[in-house]
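So the structure is just underneath, and the comments pick up after that.
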């Protein structure tokens, strides 16, 4: 049966390539091959498939090939290669990974997996911990920077990260992957996909075991290793019951156990402290084309369930006893419409109903606290017009209204134009938008909660240029951004309650560059300059480096061997040291991490890989008092059956 795919009826100049980087003294990582840029489409920036050359937003797309080429195994490390994105992890595999986009923290970035919101509804600030996300089942990751609340509602102040998993198609194919390496790490995965009758299917099962290293920094005498176990399963089914209708079901389950330490520093080791996290995501979506394919409707149901237990048994090192549990749940129903108007304009509008629910308990020596089951509902409506003129001018104009049953309502808007100056690949682009973050369940209803809280408000703008160079063998990009967040929800130690108190501003420059130096040699890179300031105190925000840069060089030695070498540089930055009370501000040293990877294709079915991380054995901290990996090496193989 012929499968229809609804796409915008907007012309694409096949001779014009999307410029996705910047020529500066420092190079940066870009995710896609130059030759494919003029064909690339993405969905996150506009909620419909749009050619990348027509998008004004600051976006990065990382596909499965780029992830495999770099040898990355988890989403946190993949995102380190993106301009404007910073990762801070409290140790090795499975330890909490904080995310910042343009200085906005994880609580202010919306994470989606196949359209399912991944932010934890029961964490204090609706934090999204990406440390448990493996990459074996990922088709691509789309990162859109800047306020995106018009299309995605709450939490999309800093941007949106959309993780899109693989789908099966064609004849049945099976692949097996295995890797062994430092810290007694073992990684295995098996995937199968194809078509059975009228149903496309894809199944992936991945397992990671690692003895790890001390999460508490070994420089303070900590030596006890903190291990990690992760089992991830993804199932995708899709069918086309009629020529104009499609249905897709995606189920993803993660079961992870992390051994953790107390606050970093002297005496941080804790051999009996474990956190178990179980997560289940489900999305069922149906789409229907009508009116000669000019009207597409999408009706979807999303479900996210997360359960975490935190247990610390007393031992000789730490006599503390902790028994706590957290359960969060989110359900969402959405009805989206895409309508093609005359002159290739596209109107997108829709309505969302979201309910988040959560409960928790905490018990330690002489103290206990219970957060009873509470819920909150939000109804959001949005509309966006995508316009084009003469295949040179493209713009999106949108607005959204959200009604939250507790804090009230929020109105957001956004405009993002892009203009191609000439046929030499010069693109000017800009965007201005507003965003909001609704108070979390914990901030509203816990013992320190405040039902009178208002939402956080943000506004942000950016202006940029993209340029193709050297007969399309290179491309450069430069973006200046400025974001303000008002009415920050903060914990007031004087009243022991959450209040709207604070204002922050982040501004800076994002650069990216890619250069096909020869047929066999390619350079990719990124550089970010950022000034992130607390407007109330004048202090620099913690864990936001002023300068951050990276470069990768890829050499295709022959048809069998590929080599990749690169470096990531992170400038010094402020942090809070919690090894004493009250916490003190410290400065974390700058660092540079070098890496090397080799891929050898023995034949069409067998691929051998080897990589070395932190080649120079740099001693560094991403979070004050917590450890980081030293020089480490891994070898593995992938077999296509």
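Quick note: the coordinates plus some simple rules give every number you see, no bench work behind them. Being a predicted model, the structure only gives us computed values, none of them experimental. For neighbour counting, all protein chains shown are included, and Cβ atoms are generated from backbone atoms with ideal geometry for every residue, glycine included.
Placing a label point 7 Å from the Cα of residue 311 along the Cα-to-Cβ direction, the residues of segment 198-226 whose backbone N falls under 19 Å of that point are 226.
Using a simple spin-label model with pseudo-atoms 7 Å out from Cα toward Cβ, residue 68 and residue 389 lie 4.4 nm apart. When only C-alpha pairs under 8 Å and at least 6 residues apart count, what is the relative contact order of segment 34-640, in percent? After rounding, I find 11 percent.
Relative contact order, whole percent, for segment 421-492 stands at 32, derived from Cα pairs under 8 Å and 6 or more residues apart. Both numbers refer to the Cα atoms of segment 132-254; Rg and Dmax are 19.3, 65 Å. Multiplying the residue separation of residue 49 and residue 320 by 0.36 nm and subtracting their alpha-carbon distance yields 92.3 nm. Among 101, 479, 415, the ranking by other beta carbons within 10 Å of each residue's beta carbon, starting with the fewest, stands as 415, 479, 101.
Take each peptide in 445-453, 73-81, count the other Cβ atoms within 10 Å of every residue, and average; sorted highest first, the result is 73-81, 445-453. From the Kirkwood radius over Cα pairs of segment 503-641, Stokes-Einstein at 10 °C and 1.306 mPa s returns a whole-number translational diffusion coefficient of 89 µm²/s. Extending 7 Å from Cα along the Cβ direction at residue 243 and again at residue 556 yields two label points whose distance is 4.0 nm. Dividing the helix sum by the residues of the chain, where each DSSP H run of 4 or more adds -39500 (n - 2.57), gives a mean residue ellipticity at 222 nm of -500 deg cm²/dmol. Extension gain, residue 480 to residue 563: 0.36 nm times the residue separation minus the Cα-Cα distance gives 26.5 nm. Fewest-first ordering of 394, 371 by other beta carbons within 10 Å of each residue's beta carbon gives 371, 394.
Ranked for footprinting exposure by Cβ neighbours inside 10 Å, fewest first, 563, 291 give 291, 563.
Label sites at residue 176 and residue 605, each approximated as a point 7 angstrom past Cα along Cα to Cβ, lie 1.1 nm apart. The calculated FRET efficiency for the pair residue 333 and residue 421, based on their C-beta separation and a Förster distance of 35 Å, comes to about 0.20.
Annotation: extensible slack from residue 520 through residue 276 equals 83.3 nm (criterion: 0.36 nm per residue apart, minus Cα-Cα distance).
Going through (1) 70, 59, 53; (2) 58, 56, 48; (3) 104, 79, 53, the figure that equals Cα extents along the principal axes in Å as computed for the structure here is (1).
Considering every alpha-carbon pair of segment 398-492, the percent of pairs per 10 Å bin, from zero through the bin containing the longest distance, is 14, 31, 22, 17, 11, 5, 0.
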